[in-house]
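Laboratory data are not the source of any read-out in this text; all were calculated from the coordinates shown. All values reported here derive from a predicted model rather than from experimental measurement. Ideal geometry is used to build each Cβ from the backbone, glycine not excepted, and the neighbour counts take in all protein chains shown.
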Protein chains: 2
Amino acid sequence: MRFENLEKELKNRNINLSYQRLKILEYLAHNQCHPTVDQIFINIQKSITTLSKTTVYNTLKKLVEEGLVRVINIEDNETRYDIVTEDHGHFKCENCKTIFDFNVNLDSFSINGLDNFRILDKNIYFKGICPECAQVNEKN
Amino acid sequence: MRFENLEKELKNRNINLSYQRLKILEYLAHNQCHPTVDQIFINIQKSITTLSKTTVYNTLKKLVEEGLVRVINIEDNETRYDIVTEDHGHFKCENCKTIFDFNVNLDSFSINGLDNFRILDKNIYFKGICPECAQVNEKN
DNA sequence: ATACAAACTTGTAATGATTACAAATTAGGT
DNA sequence: ACCTAATTTGTAATCATTACAAGTTTGTAT
């Protein structure tokens, strides 16, 4: 994902330009913290006071369809969104709930039982305790 | 997961025995198709006509807490449940929606960027088209 | 610049899965 | 057989997401 020209990026993907769409994409590019719909909505509402949550949902749906954004489903009650960069895994700390990225070559491991399957999308995520939370726990 | 004695399996995990719990666990053991709450509910209701969906939710929550059952979150609008056997990956066909298991050694790939993270749970899933659906498409 | 059709945004209402809660029932130990 | 604690049940509440229709904006052709 190149950030220099998000407008062009949208046009390339047949997504018409609108102020809201650009701001949402900008937010995702500048805040790569895997935000929820609410986080996106609340933050952009500060600059676009008339923003509707429906617009956030609609735009995210479009961005996902066009491959600019990726959905992260780790917990069943919260959907998060990630601007697509390259293949990477996600680690969610069960204590502070932060989601960290990690590098992984998704083609490196040998799998067994998927002959003749057409694989279009690979996802990997871990759960556990992040270093900071682990350190705090030790002190207790 | 040994299926010979599900009652004992429950007792070992400090889960009190109840008819409903046993039937739900039995269902998961005999139908390893990654069912949704609704599928579980509708099927067991046939034999326990007074069954409440709340019981299904409560029981699944308990079974997950005690590590007998695993949650599968692939799509954000459907939670599925899987009786824990060994580490394995899931493949979801985007056409027929079936979820297939595949073997993968979750310790085999090299990851980068998780030093000092305590990893408690590893998940991997792919999406794409299964062989059957791929074949049907070719004919069109 | 202007006009028009198509696309986008907005707000409200509807949907659907999950959880909260309190009363009734059941299980396990004495 | 009794008693307490745990479980089940049904209804109501909650929360995220989607549907929909009206109003607004955008892109294009003139």
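Key figures
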quantity: Other copies of A:Asn14: label-to-label distances in nm, shortest first, labels 7 Å along the beta-carbon direction; calculated: 5.6
quantity: Proxy reagent accessibility, fewest Cβ within 10 Å first, across B:Phe91, B:Phe41; calculated: B:Phe41, B:Phe91
quantity: Cβ-vector label at 7 Å, A:Thr50, separations to other copies in nm; calculated: 5.8
quantity: Sum of side-chain charges, A:Lys127 neighbourhood, beta-carbon under 15 Å (Lys, Arg +1; Asp, Glu -1); calculated: -2
quantity: Straight-distance crosslink candidates among lysines, where the alpha carbon sits under 18 Å from A:Lys62 and sequence neighbours closer than 8 are dropped; calculated: A:Lys8, A:Lys11, A:Lys23, A:Lys53
quantity: Label 7 Å beyond Cα on the Cβ vector: B:Cys96 copy-to-copy distances, nm; calculated: 4.6
quantity: Two-site FRET efficiency, B:Ser47 against B:Asp115, from Cβ-Cβ distance with R₀ of 41 Å, rounded to 0.05; calculated: 0.20
quantity: Burial ordering of A:Leu25, A:Leu17, B:Leu10, fewest other beta-carbon atoms within 10 Å first; calculated: A:Leu17, B:Leu10, A:Leu25
quantity: Mean-position separation - Cα centroids, region B:41-78 and region A:117-132, in angstrom; calculated: 24
quantity: Dipole of chain B, positive end: most advanced residue of B:Phe100, B:Gln20, B:Tyr81 [Cβ charges, Cα centre]; calculated: B:Gln20
quantity: Cα gyration tensor shape of the protein assembly as shown, rounded if a/c is under 1.5, else prolate or oblate by comparing a/b with b/c; calculated: prolate
quantity: Prolate/oblate/rounded label for region B:6-83 (Cα gyration tensor, a/c 1.5); calculated: oblate
quantity: Given charges at beta-carbon only (K, R positive; D, E negative), |dipole| of chain A in Debye; calculated: 540
quantity: Reciprocal of mean inverse Cα separation for chain A (Kirkwood radius, Å); calculated: 17.0
quantity: Prolate/oblate/rounded call for region A:57-117, Cα gyration tensor, a/c under 1.5 rounded; calculated: oblate
quantity: Sorted by Cβ density within 10 Å, fewest first, the residues B:Ile24, A:Ile74; calculated: A:Ile74, B:Ile24
quantity: Sites B:Glu78 and A:Asn14 - FRET efficiency at Förster radius 35 Å, r taken between beta-carbons, to 0.05; calculated: 0.75
quantity: Coil-residue GluC sites (Glu not before Pro) of region A:48-129, DSSP, other Cβ within 10 Å capped at 11; calculated: A:Glu86
